[in-house]
Amino acid sequence: MDILVAGGHGQVALRLLKLLAAEGHTARGLIRNPAHAADLQAVGAVPVIGDLENDASLAPYVKGADAVVFAAGAGPGSGPARKRTVDLGGAVKLADAAAEEGVRRYVMVSSIGAQDPASGGESMRPYLEAKAEADTYVTARADLDWTIVRPGGLTDEPGTGLVTVSRELGNRGPVPRDDVAAVLAACLTTPSTVGVTFELFGGATPVDEALRRL
């Protein structure tokens, strides 16, 4: 498949792009900074230079893709305004572009707590509100085959390939970035994840088996 990953230089995105390239897919990463292109090429990915936040449309980058993954984020040092333009606005633009180009498959990296933004406290609320609105926008579309993945607290521990996934929302727990990337890659080839929102944590079940059970 040809897969476009928005936010291509992120820590999860780079891991995902590496996995997709190793599986023989055309793994394209949308990045704003040309200086990051070499990092994508190093993992076998194709850098695509574009501005998720400020470009009027992402359709030119989505064109030709079989699936898109939204893995972008304004980051922990950003203010509420950028969380609106990146975490929400970028996800909306990618959904619109996918629909415009006839690309049905859309996988979203969301966050635990997005079902109840107030639960995150003052510091996390703007981020969780942006994620919640983005998820709502994508899941309301009949022209997308969407999956919403809500990982727990991200760690840099080595991945185990063993996870816990749940449609019941409101849980807490850590998950290695390696395993988040593995789940995202598997979602793209697991039809049973279409139309599903689920939380993701470290666990004891192999990724493919966990996803089939959703």
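Assorted remarks:
- Segment 149-178, residues that are in a helix (DSSP H, G or I) and under 13 Å from the mean Cα position of the chain (by Cα): 177
- Residue tally, condition of a type in the set (Gly, Ala, Ser), open to solvent by 40 Å² or more (accessible area, probe 1.4 Å) and touching a residue at least 12 places away in the same chain (Cβ under 8 Å), over segment 5-51: 2
- Among the residues of segment 130-141, the ones that are open to solvent by 40 Å² or more (accessible area, probe 1.4 Å) and either under 20 Å from residue 100 (Cα atoms) or modelled with pLDDT under 95 (or both) come to 5 in all.
- Residue in segment 191-209 that is in contact (Cβ under 8 Å) with a residue 40 or more places away in the chain, surrounded by fewer than 16 Cβ atoms within 10 Å (Cβ to Cβ) and within 26 Å of residue 86 (Cβ to Cβ) present: yes
- Whichever residue in segment 166-181 is open to solvent by 30 Å² or more (accessible area, probe 1.4 Å) and in contact with a helix residue (DSSP H, G or I) (Cβ under 9 Å, 6 or more places away or on another chain) and, among such residues, is nearest to residue 141 (Cα to Cα): 170
- Residue pairs whose Cβ atoms lie under 9 Å apart, sitting 6 or more positions apart in sequence or on different chains, and linking a residue in segment 56-79 that is on the phi > 0 side of the Ramachandran plot to a partner that is open to solvent by less than 50 Å² (accessible area, probe 1.4 Å) and part of a loop (DSSP other than H, G, I, E, B), are 64/103; 75/10.
- Within segment 86-144, the residues that satisfy the criterion of being among the basic types (Lys, Arg) and in contact with a Pro (Cβ under 9 Å, 6 or more places away or on another chain) are 125, 131.
- Residue in segment 188-198 that is over 23 Å from residue 96 (Cα atoms) and among the aliphatic types (A, V, I, L, M) present: no
- Output for segment 142-157, where each listed residue is in contact with a helix residue (DSSP H, G or I) (Cβ under 6 Å, 6 or more places away or on another chain), open to solvent by 50 Å² or more (accessible area, probe 1.4 Å) and under 18 Å from residue 192 (Cα atoms): 143
For (1) part of a loop (DSSP other than H, G, I, E, B); (2) in contact with a Ser or Thr (Cβ under 7 Å, 6 or more places away or on another chain); (3) at pLDDT 95 or above, each residue gets a yes or a no:
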{"residue": "4", "(1), (2), (3)": "no, no, yes"}
{"residue": "24", "(1), (2), (3)": "yes, no, yes"}
{"residue": "36", "(1), (2), (3)": "no, no, yes"}
{"residue": "39", "(1), (2), (3)": "no, no, yes"}
{"residue": "47", "(1), (2), (3)": "no, no, yes"}
{"residue": "57", "(1), (2), (3)": "yes, no, yes"}
{"residue": "76", "(1), (2), (3)": "yes, no, no"}
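- Residues located in segment 52-81, provided they are within 24 Å of residue 141 (Cα to Cα) and surrounded by fewer than 19 Cβ atoms within 10 Å (Cβ to Cβ): 53, 54, 55, 56, 57, 59, 60, 63, 64, 66
The values are calculated or read from the model by the stated rules, or taken from the named source; none is laboratory data. Note that this is a predicted model, so its numbers are computed, not measured. Heads up, the Cβs are rebuilt from the backbone with ideal geometry, glycines too, and the neighbour counts pull from every protein chain shown. Side chains are part of the model used for accessible areas, which takes the heavy atoms of the whole protein and leaves out ligands, DNA and RNA. Shrake-Rupley method; radii C 1.70, N 1.55, O 1.52, S 1.80 Å.
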